[in-house]
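Some notes on the structure that comes next.
The values are calculated or read from the model by the stated rules, or taken from the named source; none is laboratory data. Model, not experiment: these values are computed from the prediction. So basically every Cβ, Gly included, is an ideal-geometry build from the backbone, and we count neighbours across all protein chains shown. The protein model used for the area step is the full one, side chains on, heavy atoms only, and it has no ligands, DNA or RNA in it. Shrake-Rupley method; radii C 1.70, N 1.55, O 1.52, S 1.80 Å.
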Amino acid sequence: SLHDALPIFFPVLHGRNGEDGRLQGIMEMARIPYVGCGVLSSAVCMDKGMTHTVLDYNGIQTAKWASVHQRDLNKLNEKCVAIAETLGFPLFVKPANAGSSVGVSKVTAPEKLDAAIRLAAENDTKVVVEEGIVGQEVECAVLGNRGKSVASPVGEIGAGAEFYDYDDKYKNGVAQLFIPARLPEDVAEEVRKTAVRAYNLLGCDGLSRVDFFVTE
């Protein structure tokens, strides 16, 4: 009967503790069934450095990147010089394990990199720095389990701010959304295929969102 049915939890919390594998681990220890990715894939996908590492290793192109740990802050000037020489500008500086664009900065000049890294480090012990990419920001959902997963139609985000930041996502509502994305069909299909491949490589189950830049 419905009264005797086992409850299934939807862990729809954003960010730390909600989508990083911790809540998923608690539910698994308590033997509570839940929707979405498991402990390992949640943790790997939450950590931007780990996501880069897995995708880079498997030949899925990502932005050029570097990481900075809190222990590096006492020699940050050297790190900044090396990052600037390797990645160029503009750069995006992000906490490795914070969601919703919290603590993210766009950096256009070397003298601003130090402060951006320190800001991101307030939100996590590891910071990821990525090259800026000019292109259409698109995304698609992937649903299903590994080996039996399918991608949704591709959507496109027209950010209203300098980049798709926290306020643009949740507060001011300026960003434009285009569904389907304004892409040729063959490009949209390539996005969908790559999304499914990334989803499977990262060990995802249930559902996830995969983001892309489509460049010229």
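Paramagnetic label reach from residue 72 (point 7 Å along Cα→Cβ; backbone nitrogen cut-off under 20 Å): within the range 35-58, residues 44-57. Considering only 143, 88, 115, the residue lying farthest towards the positive end of the dipole of the chain is 143, judged by Cα position with unit charges set on Cβ. A cut-off under 10 angstrom between Cβ atoms defines the neighbours of residue 87, and their net charge, with Lys, Arg +1 and Asp, Glu -1, is -2. Just 129, 191, 12 to compare: in a GNM of the chain, with alpha carbon springs under 10 Å, which one fluctuates most? Judging by the Gaussian network model, the answer is 12. Gyration tensor analysis over the Cα atoms of the range 56-124 returns equivalent ellipsoid semi-axes of 18, 16, 12 Å (largest first, whole Å). When the pairs 79/193; 79/106; 64/148; 48/79 are compared against a 29 Å limit on Cα-Cα distance, 79/193; 64/148 fall above it.
Taken along the Cα-to-beta-carbon direction at a fixed 7 Å, the label points for residue 58 and residue 150 span 2.1 nm. Evaluating 6.51 cos²θ - 1.76 cosθ + 1.60 at θ = phi - 60° for every residue in the range 10-18, the Karplus couplings come out as 9, x, 9, 7, 7, x, 4, 6, x Hz, glycine and proline recorded as x. Multiplying the residue separation of residue 209 and residue 27 by 0.36 nm and removing their Cα-Cα distance gives an extension gain of 63.3 nm. Heavy-atom accessible surface of residue 83, to the nearest 10 Å², is about 10 Å², with a 1.4 Å probe and all protein chains retained. Considering only 192, 71, 146, the Gaussian network model of the chain with Cα springs below 10 Å gives its largest mean-square fluctuation to 71. The charge dipole of the chain, taken about its Cα centre with unit charges on the Cβ of Lys, Arg, Asp and Glu (plus for the first two, minus for the last two), comes to roughly 520 debye. P(r) tail, the range 14-101: Cα-Cα pairs separated by more than 22 Å, 42% of all pairs.
Once you've got the GNM for the chain with C-alpha springs shorter than 10 Å, pick whichever of 67, 152, 41 has the biggest mean-square fluctuation. Sorting by GNM fluctuation, first place goes to 152. Multiplying the residue separation of residue 6 and residue 216 by 0.36 nm and removing their Cα-Cα distance gives an extension gain of 70.6 nm.
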